[in-house]
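The values are calculated or read from the model by the stated rules, or taken from the named source; none is laboratory data. Keep in mind that what you see is a predicted model, and the values were worked out from it rather than measured. Neighbour counts are summed over all protein chains in view; Cβ atoms, including those assigned to glycine, are modelled from backbone coordinates with ideal geometry.
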């Protein structure tokens, strides 16, 4: 398939519901990757939780190191001199059945949905894939929700100085995820009139509720 050919990303509202559910339940996502392995070749650090015992059993210990700022047992797997995941062998994941939860939940369509750009030359392959995704905007609900997601992303990006230090994620992936978690604050037609300070407070409260166990979407 030519690299410039568009890829069907799915109906926007359907994708959004599925993505928010996966984020809420910390579950696997269904991404039509095809033969693409751009995320495996883009200098990504992979977080692995201590309860991912099958995954840890299939990765050599020398490839893992403690995850900064996280409790003991949480580790990271780095990448080789080419920016490739060390588990990538002959263009495929050598531990696919036991791959980390981070890999199972990764969906580069979040960048196409939010409009957030991935920075760094080492992420060029992911950027190319993101540019190919094309969401279906079949009805007014799709359009409304896409606009709300992109408004949320724009606010988090352009109003970052209004947030306290450490409140916003430092990397583009987590910022895109946050946009999807709080997008509903930007759904109403008159939301532009809300004071920025109040909006920041509402965003943080919504984000905390989303991540709270037992809370419904």
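Values for this structure:
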| quantity | calculated |
| --- | --- |
| Filter result for residue 150 (under 25 Å from residue 204 (Cβ atoms), in contact with a strand residue (DSSP E or B) (Cβ under 8 Å, 6 or more places away or on another chain) and modelled with pLDDT of 95 or more) | no |
| Of all residues in the stretch 79-94 being closer than 30 Å to residue 149 by Cβ and in contact with a helix residue (DSSP H, G or I) (Cβ under 6 Å, 6 or more places away or on another chain), the one that is surrounded by the fewest Cβ atoms within 10 Å (Cβ to Cβ) | 83 |
| Any chance residue 26 is within 18 Å of residue 113 (Cα to Cα) and at pLDDT below 90 | no |
| Only listed residue being assigned to a helix (DSSP H, G or I) and without any contact (Cβ under 8 Å) to a residue 40 or more places away in the chain, chosen from 144, 161, 151 | 161 |
| Residues that are over 16 Å from the mean Cα position of the chain (by Cα), assigned to a helix (DSSP H, G or I) and buried (at least 16 other Cβ atoms within 10 Å of the Cβ), drawn from the stretch 14-61 | 41, 55, 56 |
| Boolean, residue 2 is in the same structural domain as residue 131 (by TED's automatic domain parsing) and modelled with pLDDT under 95 | yes |
| Condition check for residue 97: in contact with a helix residue (DSSP H, G or I) (Cβ under 9 Å, 6 or more places away or on another chain), assigned to a helix (DSSP H, G or I), surrounded by fewer than 20 Cβ atoms within 10 Å (Cβ to Cβ) and not assigned by TED's automatic domain parsing to the domain that holds residue 200 | yes |
| Index of the failed condition, residue 128 passing every other in (1) at pLDDT 95 or above; (2) assigned to a helix (DSSP H, G or I) | (1) |
| Among the candidates 148, 124, 112, residue that is over 15 Å from residue 176 (Cα atoms) and assigned by TED's automatic domain parsing to the domain that holds residue 177 | 124 |
| Criterion: modelled with pLDDT under 95 and not assigned by TED's automatic domain parsing to the domain that holds residue 136 - qualifying residue of 68, 86, 50 | 68 |
| Which numbered condition residue 123 misses (of (1) farther than 23 Å from residue 14 by Cβ; (2) at pLDDT 95 or above; (3) surrounded by 14 or more Cβ atoms within 10 Å (Cβ to Cβ)) | (2) |
